[in-house]
Amino acid sequence: QHLPVHYIYEPKIGIPYARNRALSETTEELLAFIDDDCTVSPQWSMNMLEAHQRFPKAVAIQGRSISLPRQSVYSIVAEFLWFNWVNYSIYTGKKPSNLRTKIQENPTLRHLDTKNVSFKVNRIRRLQMRFDTNFERSEDFDFARKLVSKKQQIRFYPKSFVFHWERQDFLSFVKQCFQRGIGSQRYAAKWYKKKQLHNKISLFSR
């Protein structure tokens, strides 16, 4: 009654299919994504709305991810890599002297991480944007690349954060990194010439 929930089944397996189904089904102005291993902060949705109101030119708002459990070595490594990814993604390409200060200024990004992101739906539809179903991983990088190529703005808004539960054993952690590497290679093959590939490895450190 107060929070109507609609469950929609997507028979095709894969993150891009699920994201595209959500884009097709929603009737609201904003669409937000998190992963199934994330827990949102209490004011997450309000902060996302606040960000879109504050940055009306932004087609997407990228929130922050905080790794759990906090004292785990895997979480520490994952959060370090995530901040490194944000640093690389800042649109100017210049590394700030103090990243944690810089991100509070809500910089423009050139990449997305769909475990905590929201979109202005009408803008996405006008651009005829879809997630590439050829990707099993890194479909969000590809989606962001297409947005940037269309001169669209992505803003980082760390005030809207989620808690992400990281893999907590070595084999699971390595398997996840390996899967991301496969997606990263596919992304690089799509967007970069072969001679440029070895210079793009740091892009995929998240």
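Filtering the range 92-125 down to residues that are assigned to a loop (DSSP other than H, G, I, E, B) and modelled with pLDDT under 70, which residue is least open to solvent (accessible area, probe 1.4 Å)?
From the range 92-125, those assigned to a loop (DSSP other than H, G, I, E, B) are 92-98, 106-107, 110-115; that's our starting set.
Still in the list and also modelled with pLDDT under 70: 92-98.
Numbers: Thr92: 101, Gly93: 52, Lys94: 152, Lys95: 153, Pro96: 34, Ser97: 130, Asn98: 78 Å².
The selected residue is Pro96.
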Check: If you go through the range 12-21 one residue at a time, do you hit one that is part of a helix (DSSP H, G or I) and within 16 Å of Ile154 (Cα to Cα)?
Finding: no
If you go through the range 24-42 one residue at a time, do you hit one that is open to solvent by 50 Å² or more (accessible area, probe 1.4 Å), closer than 18 Å to Lys115 by Cβ and assigned to a helix (DSSP H, G or I)?
no
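The rows are residues; the columns are (1) touching a Leu at 6+ places or on another chain (Cβ under 6 Å); (2) of a type in the set (Lys, Arg); (3) surrounded by 15 or more Cβ atoms within 10 Å (Cβ to Cβ); (4) not in a helix (DSSP H, G or I).
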| position | (1), (2), (3), (4) |
| --- | --- |
| Ile154 | yes, no, yes, yes |
| Lys159 | no, yes, yes, yes |
| Gln168 | no, no, no, yes |
| Gly181 | no, no, no, no |
| Arg186 | no, yes, yes, no |
Checked against (1) open to solvent by less than 60 Å² (accessible area, probe 1.4 Å); (2) farther than 30 Å from Lys175 by Cα; (3) modelled with pLDDT of 85 or more, Arg64 satisfies every condition except (2)
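The values are calculated or read from the model by the stated rules, or taken from the named source; none is laboratory data. Small disclaimer: the values here were computed from a predicted structure and weren't measured. Please note: Cβ atoms are built from the backbone with ideal geometry, for glycine as well, and neighbour counts cover all protein chains shown. Surface accessibility is based on the protein's heavy atoms, side chains included, excluding ligands, DNA and RNA. Shrake-Rupley method; radii C 1.70, N 1.55, O 1.52, S 1.80 Å.
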